[in-house]
Structure formats: C-alpha cells, structure tokens
Amino acid sequence: QKEVEQDPGPLSVPEGAIVSLNCTYSNSAFQYFMWYRQYSRKGPELLMYTYSSGNKEDGRFTAQVDKSSKYISLFIRDSQPSDSATYLCAMSATDGNKLVFGAGTILRVKS
Amino acid sequence: DTAVSQTPKYLVTQMGNDKSIKCEQNLGHDTMYWYKQDSKKFLKIMFSYNNKELIINETVPNRFSPKSPDKAHLNLHINSLELGDSAVYFCASSQNSGEGYTFGSGTRLTVV
C-alpha cells in the first residue's frame, strides 16, 4: 500500500462546476499538507499548504484536512478551463522532512 | 528572475553514456532536492541536501551521484545511463518543507 493514495482520474467537469479532489494517507505522523498544480511539461506549483487539521481558503480554492480520517481535500469553486491540469497532494511528517506525493489527479474543465 | 532553474530542459542520450543535470536556486533556501517523475506522473524523492550536506538519500542506484558545491546549487550526475532512467527530473528547494517546495521546470531525460 502506498503511503499516499490519490485517484488519477481523469476528472472531467463543465466550466463553473465545483471540483473536489481528494487524497488518503496511511502515515499518522504526517502533519504538513500541500496541494500542487502541474501544467503539462511544467514543474509543480504550490497552491495551498496547511498544518494539522482544519480548513484554509484562498480565493476559489479551499483545502481541508481531516487527520482523524487521514483524508485531505481540495475544492475549486467556479472552475475555469485554465484550471485544467494535474493536481498533486503532498505531505510530510515534520518540518525539514521529505515531502511524499500522491500520484496526481488529472482535471479537465470543459468550456 | 527564475527562482529554481535547471539545465538542460531536454536531454536525449544513448545507453551507457554519462550525463549531468544542473540546478540553481536564487531564493536563499537552505535545502535542495532532486525528484524523479515517471511516465505516470508519480513524483519520488531521490536526494536532499541541506546547506551542502546530504540529508536524504533514498534507494537510488549508485550510478546517480548528487553534488552540492554551495547551498544555491545542486547537480545530478548519472553514470552508465539505462533505458529505465528515462523520466523527468525535477530540482526543488525549500526553507521549511512544511511550507512546501519551489520546483524547477524539469529536465526531460530520454535514454535510447
């Protein structure tokens, strides 16, 4: 079993839809949680990061962490075609420790 | 102005050759990393250096040797390249990993 599980998709939605992306993990020591966006042939770009449990909002993006369920989510409101990319979750146990990535979910937003 | 820059962007080479990829960051970060992304987009850490010292060395063949001449540079040398080494290699840096990494744009290595 991988430490971080993420459905690879692809997930296809119409423009304006609310998108929900999720990851589950097995290592209860993880405390730092991140979401990255990766466009084709580009490097991953940090979207959101949270520490421990709770929610964090930034514009159209909301990140949620539920440590009791070992489950994290990224919500995208009013999705746009420019949101079409691969979304990677990542997490680490301690500050300074390595990031462990999920396999990434391909998102396609159709206009 | 590029924060993390890698060269070359593309590398096509024959099996058995030796090649190097260079990485530089101008963010003042203390820690740098090499990640490998396979054809299924899975990102896996290879090495991490903190202030020129190796701190993470995952299960990577010893044909791969990182070198950090100073904290702003982390290079990757690969000996005796094999077909299975074909992938995209990403360099990244961070000050505190809890706040995430900044990635370079990647080096697409193809071994033929």
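Residues of B:8-14, mean number of Cβ from any other protein chain within 10 Å of their own Cβ, rounded to a whole number?
Taking the mean over all residues of the peptide, I get 0.
For chain B, what does the relative contact order come out to in percent, with C-alpha contacts under 8 Å and a separation of six or more?
So the answer I get is 37 percent.
Restrict the search to the stretch A:1-68; then list the trypsin sites (Lys or Arg not before Pro) that DSSP places in a loop and that have at most 16 other Cβ atoms within 10 Å of their Cβ.
Hits after loop and neighbour filter: A:LYS2, A:ARG41, A:LYS42, A:ARG60, A:LYS67.
Where is the GNM fluctuation largest for chain A (alpha-carbon springs, 10 angstrom cutoff): A:GLY59, A:GLY43, A:GLY16?
Top of the fluctuation ranking is A:GLY59.
Taking the number of other C-beta atoms within 10 Å as the exposure measure, put A:ILE72, A:ILE18, B:ILE78 in order starting with the fewest.
In order of increasing Cβ crowding within 10 Å: A:ILE18, B:ILE78, A:ILE72.
With a cut-off of 8 Å between alpha carbons and a minimum separation of six or more residues, what is the relative contact order of the stretch A:38-111 in percent?
Averaging sequence separation for qualifying contacts and normalising by length gives 24 percent for the stretch A:38-111.
Go ahead and set up a Gaussian network model of chain B, Cα springs under 10 Å, then flag whichever of B:LYS41, B:LYS22, B:LYS52 fluctuates most.
B:LYS41
Please work out the C-alpha center-to-center distance from the stretch A:11-49 to the stretch B:1-58 and express it in whole Å.
Result: 22 Å between the Cα centres.
Using a 10 Å cut-off around each Cβ, can you sort A:SER40, B:SER80 from fewest to most neighbouring Cβ atoms?
Placing the least packed residue first, the sequence is A:SER40, B:SER80.
Between their Cα atoms, which of A:LYS42/B:LYS40; A:LYS56/B:LYS22; A:LYS70/B:LYS71; A:LYS70/A:LYS110; A:LYS2/B:LYS67; B:LYS44/B:LYS71 are more than 24 Å away from each other?
A:LYS56/B:LYS22; A:LYS70/B:LYS71; A:LYS70/A:LYS110; A:LYS2/B:LYS67
Which percent, to the nearest 5, of DSSP beta bridges fully inside the protein assembly as shown are antiparallel?
Percentage antiparallel, nearest 5: 90.
Just counting partner chain Cβ atoms within 10 Å, what average do the residues of peptide A:79-92 show around their Cβ?
1
Is there a simple number for the mean count of other chain Cβ atoms within 10 Å of the Cβ of residues in B:38-45, and what is it?
Taking all residues of B:38-45 together, the mean is 5.
Bear in mind that the values in this text are calculations on the coordinates, not laboratory data. All values reported here derive from a predicted model rather than from experimental measurement. For neighbour counting, all protein chains shown are included, and Cβ atoms are generated from backbone atoms with ideal geometry for every residue, glycine included.
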